[in-house]
Structures are given as C-alpha cells and as structure tokens.
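Visitor: Handing you a structure now.
Each reported figure results from applying straightforward, stated rules to the coordinates on display, with no laboratory input. Given the structure is predicted, the values throughout are model-derived calculations rather than measurements. Neighbour counts are summed over all protein chains in view; Cβ atoms, including those assigned to glycine, are modelled from backbone coordinates with ideal geometry.
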Amino acid sequence: MRFLECIGFIKEKIQFLNNRALNEVNVYCGSYLPEWRPGIDYKKSYSANPELGGGVHRDLIHELDYLYWLFGQPKAVNRFLRSQSSLAISSFDYANYLLDYDGFSANVILNYFRRDAKRSMELVFSDEDLVC
C-alpha cells in the first residue's frame, strides 16, 4: 500500500507541515470475508482460523504498515481484538488500534464483516482535512 499514489501524496504532505498541526489520523479497512475467495467456504480458510495464522489483525496488516512508514514508531499502542460478529469464526474478525504519537493519535479499525468494502485514511490538520 506504500506505493499507492494517495499514500505517496500524504507522505510528501506531512514532510512539509510548517506551522500546521496534525491533530488526528483515522484509518478504516472493512470488507466481507465470505466474498474474498469465491467457491471456498470462508469458515475453512486460513483467515477464519487462528491456528492457521488467520485473523483480521494479520490479514489487514497493511494499514498499520503504512502508518509506521508515514509516521514512524508510536510512543504507545493500545489494541482491542474480538471475534463476536455474525460470521461465527474463531479468528479475530474485528481489531481496533490506537497509536499514540507526539501531538496526535491514530485510530485504526479493521474488520471482516463489512459488506460494502471500504478502505480509507483521514488526516485532520489544523487547517484542512485530507482523505485518502
């Protein structure tokens, strides 16, 4: 994801903040696991089974990767992982991360159960908002 044009644009934009403050970053990635691999029972896929290495916190790691690439190591990370959706799988199907940086926080939400797939990043500056 680091090579997407919009991520590159954000990388350039944050290098020249001048007197502008970055107040918060919100990242969202949700899609519907049963539609990922047509013809395959999603409950038998590695994504649905933690013993096979599955879980939304692993499959959708790209969002955390580009945040670390853009902003570096956070001062602190808190996370909440759960598996309680209607998908009825044993791996985590929801993850929420809060990354604490100097001057701002980044919130990341990942899930397997959103039927209308969405992947976005929002940056809230002191003078403008950017959505990627």
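Visitor: What pairs from Lys11/Lys44; Lys75/Lys118; Lys11/Lys43; Lys13/Lys43 go past 32 Å between their alpha carbons?
Guide: The answer is Lys11/Lys44; Lys11/Lys43; Lys13/Lys43.
Visitor: Counting only C-alpha contacts under 8 Å and six or more residues apart, can you give the relative contact order of the stretch 1-92 as a whole percent?
Guide: 29
Visitor: Among [x] 15.8; [y] 14.5; [z] 13.9, which one is Kirkwood radius over Cα pairs in Å computed from these coordinates?
Guide: The calculated read-out lines up with [x].
Visitor: Sort 113-120, 59-66 by the packing proxy (mean of other Cβ within 10 Å over each peptide's residues), most packed first.
Guide: Most protected by this proxy first, the peptides run 59-66, 113-120.
Visitor: Still on this model: Using a Gaussian network model of the chain with C-alpha springs under 10 Å, which one of Ile40, Ile89, Ile109 is most mobile by mean-square fluctuation?
Guide: Ile40
Visitor: Right, here's the next one. Taking the stretch 1-43, which chymotrypsin sites (Phe, Trp or Tyr not before Pro) meet the DSSP loop condition and have no more than 11 other C-beta atoms within 10 Å?
Guide: Phe3, Phe16
Visitor: Compute the long axis of helix 5-15 from its Cα atoms, compare it with the longest principal axis of the Cα atoms of the chain, and write down the angle in degrees, 0 to 90, nearest 10.
Guide: 40
Visitor: Tell me, for the chain, which Cys residues have no other cysteine's C-beta sitting closer than 4.7 Å.
Guide: Lone cysteines by the Cβ rule: Cys29.
Visitor: I need the phi-derived Karplus couplings for the stretch 85-98: 6.51 cos²θ - 1.76 cosθ + 1.60, θ = phi - 60°, integer Hz, Gly and Pro marked x.
Guide: Taking θ as phi minus 60°, the curve returns 7, 6, 5, 6, 10, 8, 7, 5, 10, 9, 9, 10, 10, 10 Hz for the stretch 85-98.
Visitor: Where is the GNM fluctuation largest for the chain (alpha-carbon springs, 10 angstrom cutoff): Val56, Val25, Val77?
Guide: Top of the fluctuation ranking is Val77.
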